[in-house]
């Protein structure tokens, strides 16, 4: 599979979980990436207001959503939930977006940053940062 670096732009990265959504963003040149506090996921999607505020405040031009595919690259039940959430965000935000295979990003962030037990959402946002770094290197371009 051929990877192609996307054009630099400031975007938001989301690591969507059942309880929390980890958030990270990059500058317009994709040089630095930073984490934001994870947001609690609610049944009535109240977190969309917080996500919208970050996008407006940071002048972000799109977003990516991690898809936790299995080892063979197939959809998992959590990946289906993430895909549906990405579609919901797309409908609400009216911004270009893409999905990124985030297989094992939580495991990687746990090992890379030395976090074993976390109820604050820090590991979720660090996972979003890893997803963002992967997107910066491999794409795909936002649509």
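Of note:
- Straightening the chain between residue 74 and residue 47 buys 6.9 nm, computed as 0.36 nm per residue apart minus the Cα-Cα spacing.
- 16 Å cut-off, amide nitrogen to a point 7 angstrom out along residue 10 Cα→Cβ, residues in the stretch 58-75: 58-64
- Most mobile listed residue (70, 15, 27) in the chain, GNM with C-alpha springs under 10 Å: 70
Values quoted throughout were computed directly from the atomic coordinates according to the rules given, and no laboratory measurement underlies them. Treat the numbers as computed from the prediction; the structure is a model and nothing was measured. We place every Cβ from the backbone using ideal geometry, glycine too, and count neighbours over all the protein chains shown.
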